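Following: one structure in structure tokens, then a few remarks.
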């Protein structure tokens, strides 16, 4: 059995604490939605749930959405201790998050970008 078939046959969300909805279904929801508020909200929800599954302080995860030219930017805020978990070794986790976002955005025919930001205490208080 090759590595790719193993990865596909084992659903990872079953063992992730706090993952209440299969992420695969959310990706389908994101790409099946028509572009607009529903598409942006689905992408925001997808990225939020993936980020919460990766970090220790899931309450600190927040995503702000804004438009910049023809691109919708998702700005991901995480606790300072969790920035390394989101970025990963040599940026591999961050690259994977951006790959998921890119794949879904092709189906929506709209460009998305992901910014990862270390949230300090003041920014966390503003989000509540």
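Below, the figures for the structure above:
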{"item": "Gain in span if fully extended, residue 69 to residue 113, counting 0.36 nm per residue against the direct Cα distance", "result": "14.7 nm"}
{"item": "Footprinting exposure proxy for 96, 45 (fewest neighbouring C-beta atoms within 10 Å first)", "result": "96, 45"}
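Rule-based calculations on the coordinates, nothing more; no lab input. Predicted model, so just to flag it, every value in this text is computed and none were measured. Note that each Cβ is placed from the backbone with ideal geometry, even for glycine, and that neighbours are counted across all protein chains shown.
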